[in-house]
Amino acid sequence: MITQRRMNLVFAGAGIGYRRQYRDELLSETNDPKPSVLEVIPGHFFSNPEALAPLAGRYKLVFHEINLSPGTKGQQDKMILDRVRDLMRFGRPILFTDHLALTRSPDGLDIGHLAPVWFTHEILNIVAERVCRWQDLLGVPVALENIAMPFGIPNSEMTETEFFFELTERTGCGMLLDVTNLLMNSRNFGYDPFERIIEYPLHRVQQVHLAGGKAISGWWTDSHSESLERKSYELLDRLRGKAPLLTAIVERDANLPELTELVFEARRVEKIWKDGLTE
Amino acid sequence: MIEEFQNVFVRVAVDSAFRSDFLANPERALTGFALSELERRSLMEISCVDLERYAGSLLAKRTAEFSRAIPLAMKVCPSLATRYTRWLETHPSPIKTDVLDPGLSEALRALTDLANDLAKDSAEASYSADLFKFEVLRRCSQQDGQVRFMKAQTRVDLLSDEIRTGLTPMDPDAFPVTFRFDRSTTRWKAQ
C-alpha cells in the first residue's frame, strides 16, 4: 500500500558517521567539541544492541543501512528489518536511510557494495513498495540516498533525478542527498553538479552526506578517506532555503583523523546551513 | 523478466568466470536466461571497461574488509589477502545472514579452504594456518557469542600475543591443543 508521510522540518544539527575508534571520546565527559548527531550503521550493533544505548543517551541518531537493497525484486529484507526494530529498543533514530541501489540478487548473491538500479517504471514500483513497507514497519521517516554510480544501466526509462522525484512523491519518503556522490558522478560522467543538483526533489531532501573522495586511475570515487573539499560545501549551500534538512553528516571511513577534526568539519557544515557560505 | 535480469547483472559483477564468458561472447553467455530483448540488449550495452573496473572495485573492497578482520594473521602471512581475492573470484558471496562484521564473515566462509591452502604451502610459517583459524574463530565468537572449537598443533594463543607485540615467532614447539571460544573467554586443553 502506498502511504504518505508528513515531513518533520526541525534541523537537528550536523554530525558524523559513528566509528568504533571514536566511541570512548564520544562518550567521555570532557569539554572537547562533540557532534550534534551520530549516524550509525545498524549492522555494527546487531551482535551487541545494548552498546547503542549510551550513544542514544547522548546524541540524536540516524540509522544508515547499507544492505536492504530496495531495488531487488522480492522481499529478502525481513531479517535485517527485524534486527533494526530490535535495535530501536536501545535508541530510536530521527531518520532511517539506505541507498537507491542494488546490493543483492533475487537468487541470493551478495554484491558487497552498491550497484545502480535500472531507472524503469517496474523498478520504481518495486522500490516504492519496499520504502512504504519500511515506513510502516519502522515508524520513522525513511530516506534514500543517491549513490556514486559506477555506470548507468542503458535504456533507462527515466533519469536518476526523475526517479527520485517520482519515488518521493509517490511514497512521501525523503531523500538523502550525498553531495559528494553528486560531485564524483559529475566528474566521471561530465556534467555540472550545480545544474544537476536542482533537478533533484530538493523539497524532499531530509539529509545530506558530505565526504572526501579521490581519483583512482582517473575515476573519481567516494572513498570517504579525505577531508571535505570546497565544492561539497558549495553544493550544500545551494540547498539552503530549499531543503527541509533534519541533519547533515560528514562521512569518514579511512585515514581516520582525530575526532576533533571531524567535529570541526561538522561544525562548519552546521554553520553553512545556518548562515550560508561566507568565506 | 526483471528477476532474471537482476540475477544475471549481479552474476556478471561478482562471478569472474561468468563475467569472462559474458565479456568474450555476451550472446552465448546469456543463452538460456529468461530475458526480454530489451533486458538482453541493456546488459550487453554496459561498457566492458566499466564492468571490469566495477568488478575490480568489489574485489578490492571485500579484500580490504577481509584483511582488516585478521590483523595478526596478515602480519605473519600477508599472502592471505591475495589468496582470499583468488578464492572470492570463484566463490561469490551469498547474502549475509550472520551478525558478524562483513570481513570477518567472509573470513569464516573462506576459513577451511584458505587454512588448507596455507597448511600446504611450505613457504609460509608452520603455524600460519592455525593462527588464521585461531584469529577468525576467536573474533567470531567474541562478536556473536557462539561457542566454537578448534584443534591446533601449538599454543597459537601465546603466539598471537607475541605477534601483537611486534614479534614474529620462529619454529614454535609442537604442543597439540584444543581451543574453546565464547564471547568473553578463550580456553585450551592439551590433546
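The values are calculated or read from the model by the stated rules, or taken from the named source; none is laboratory data. This one's a predicted model, so the numbers in the text were calculated from it and none came from an experiment. Cβ coordinates were reconstructed from backbone atoms using ideal geometry, including for glycine residues, and neighbour counts include every protein chain displayed. SASA here: full protein model, heavy atoms, side chains in, ligands and nucleic acids out. Shrake-Rupley method; radii C 1.70, N 1.55, O 1.52, S 1.80 Å.
Take the Cα radius of gyration of region A:1-104 and divide it by 2.2 N^0.38 Å, with N its residue count; two decimals is plenty. List each step's numbers first, then the result.
Numbers: Rg = 15.0 Å, N = 104, 2.2 N^0.38 = 12.8 Å.
Dividing the Cα Rg of region A:1-104 by 2.2 N^0.38 Å gives 1.17.
To the nearest 10 degrees, how steeply does helix B:80-90 sit against the main Cα axis of chain B, on a 0 to 90 scale?
Relative to chain B, helix B:80-90 is tipped by roughly 40 degrees.
Which of the chymotrypsin sites (Phe, Trp or Tyr not before Pro) found in region A:189-279 are loop residues per DSSP with 13 or fewer other Cβ atoms within 10 Å of their Cβ?
Numbers: sites: A:F189, A:Y191, A:F194, A:W219, A:W220, A:Y233, A:F264, A:W273; in loops: A:Y191.
Passing both the DSSP loop test and the Cβ count: A:Y191.
In Å², nearest 100, what accessible area do chains B and A bury in total when the solvent probe is 1.4 Å? Before the final figure, lay out each step's value.
Working: alone 10810 and 12380 Å², together 19970 Å².
Buried: approximately 3200 Å² between A and B.
Stokes-Einstein D for chain A at 20 °C, 1.002 mPa s, Kirkwood Rh over Cα pairs, in µm²/s? The partial results should precede the final answer.
On the way: Rh = 19.0 Å.
Reported coefficient: 113 µm²/s.
In a Gaussian network model over chain A where Cα atoms closer than 10 Å are linked, find which of A:G190, A:G212, A:G57 has the largest mean-square fluctuation.
Highest fluctuation of the listed residues: A:G190.
Choose one of A:G172, B:S126, A:P33: the residue whose Cα lies farthest towards the positive end of the charge dipole of the protein assembly as shown (beta-carbon charges +1 Lys, Arg; -1 Asp, Glu; about the Cα centre).
Ranked along the dipole, the leading option is A:P33.
Are there any residues in region B:84-132 with a reduction of at least 40 Å² in accessible surface when going from the isolated chain to the assembly of protein chains? Probe 1.4 Å, please list them by number.
B:I95, B:T97, B:V99, B:D101
If a paramagnetic tag sat 7 Å from the Cα of B:D171 along the Cα-Cβ line, which residues of region B:105-135 would have the backbone N under 17 Å from that point?
Backbone N within reach: B:122-128.
For chain A, what are the DSSP H helices with axial Cα length of 20 Å or more and mean Kyte-Doolittle hydropathy of at least -0.5?
On the way: long enough: A:121-138 (25 Å, 0.14); A:259-275 (24 Å, -0.43).
Taking the DSSP H segments of chain A (at least 20 Å long, mean hydropathy at least -0.5), we get A:121-138, A:259-275.
Projecting each Cα onto the charge dipole of chain B (Lys/Arg +1, Asp/Glu -1 at the beta carbon, about the Cα centre), which of B:Q6, B:L100, B:G166 comes out farthest on the positive side?
The listed residue farthest towards the positive side: B:G166.
Could you list the GluC sites (Glu not before Pro) in region A:1-100 that lie in coil according to DSSP, counting only those with at most 13 other Cβ atoms within 10 Å of their Cβ?
Listed in order of number, the matching sites are A:E29.
With a 10 Å cut-off between alpha carbons and a GNM built on chain A, which of A:D192, A:D24, A:D110 moves the most?
Looking only at A:D192, A:D24, A:D110, the largest GNM fluctuation is found for A:D24.
By a straight-distance test (C-alpha under 22 Å), which lysines pair with A:K274 as possible cross-link partners, with residues fewer than eight away in the same chain excluded?
Excluding near neighbours in sequence, the set is A:K34, A:K60, A:K231, A:K242.
Hull surface divided by four, with the convex hull built on the Cα atoms of the protein assembly as shown: how many nm²? Could you put the intermediate results ahead of the total?
Working: hull surface 95.2 nm².
Taking a quarter of the hull surface, the average projection is 23.8 nm².
Regarding region B:1-46, what whole-number volume in Å³ per residue does the convex hull of its Cα atoms give?
Details: hull volume 2.8 nm³, N = 46.
Considering the Cα atoms of region B:1-46, their hull volume per residue is 61 Å³.
For chain B, with only Lys/Arg (+1) and Asp/Glu (-1) charged at the beta-carbon, what is the dipole magnitude about the Cα centre, in debye rounded to 20? Write down the numbers at each step before the final one.
Details: 26 positive and 28 negative charges, 129 e Å.
Charge dipole, chain B, about its Cα centre: 620 debye, nearest 20.
For the protein assembly as shown, build the charge dipole from Cβ charges (+1 Lys, Arg; -1 Asp, Glu) around the Cα centre, then report which of B:V76, A:S217, A:V84 sits farthest towards its positive end.
Farthest towards the positive end: A:V84.
Could you tell me the number of lysine pairs in chain B with C-alpha atoms less than 29 Å from each other, where the two lysines are 8 or more residues apart or belong to different chains?
17
Let me spell out the model: positive unit charges on the Cβ of Lys and Arg, negative unit charges on the Cβ of Asp and Glu, origin at the Cα centre of region A:159-279. What dipole size does that give, in debye rounded to 20?
On the way: 15 positive and 21 negative charges, 49 e Å.
Charge dipole, region A:159-279, about its Cα centre: 240 debye, nearest 20.
Using helices alone, what [θ] at 222 nm do you get for the protein assembly as shown, with -39,500 (n - 2.57) per DSSP H run of 4 or more residues, divided over all residues and rounded to the nearest 500?
On the way: 20 runs with 211 residues, N = 470.
Result for the protein assembly as shown: -13500 deg cm²/dmol, rounded to the nearest 500.
Peptide A:43-52: average number of partner chain Cβ atoms within 10 Å per residue?
On the way: counts 5, 2, 1, 5, 10, 6, 1, 0, 0, 0.
Mean shielding count: 3.
What number comes out for accessible area per residue over region B:63-190 if the probe is 1.4 Å? Units Å², please. Don't skip to the answer; put the middle values down first.
On the way: 6230 Å² over 128 residues.
Value for region B:63-190: 49 Å² per residue.
Relative to the compact globular guide of 2.2 N^0.38 Å, what is the alpha carbon radius of gyration of region B:24-138, as a ratio? Provide the component values of the computation, followed by the final result.
Working: Rg = 17.9 Å, N = 115, 2.2 N^0.38 = 13.4 Å.
Expressed relative to 2.2 N^0.38 Å, the Cα Rg reads 1.34.
Charges only on Cβ, +1 for Lys and Arg, -1 for Asp and Glu: so what's the dipole of the protein assembly as shown about the Cα centre, in debye to the nearest 20? Mind showing how you got there, number by number?
Working: 58 positive and 67 negative charges, 230 e Å.
So the dipole magnitude of the protein assembly as shown works out to roughly 1100 debye.
What three numbers, in Å, describe the spread of the alpha carbons of region A:156-269 along their principal axes, ordered from the longest?
Dimensions of region A:156-269 along the principal axes of its Cα atoms: 42, 34, 20 Å.
Which whole-number percent of Cα pairs in region B:112-167 have a distance greater than 14 Å? Present the calculation step by step, with values, prior to reporting the outcome.
Values: 878 of 1540 pairs.
That tail contains 57 percent of the Cα-Cα pairs.
Between region A:16-78 and region B:135-191, what's the alpha-carbon centroid distance in Å?
Answer, in whole Å: 31.
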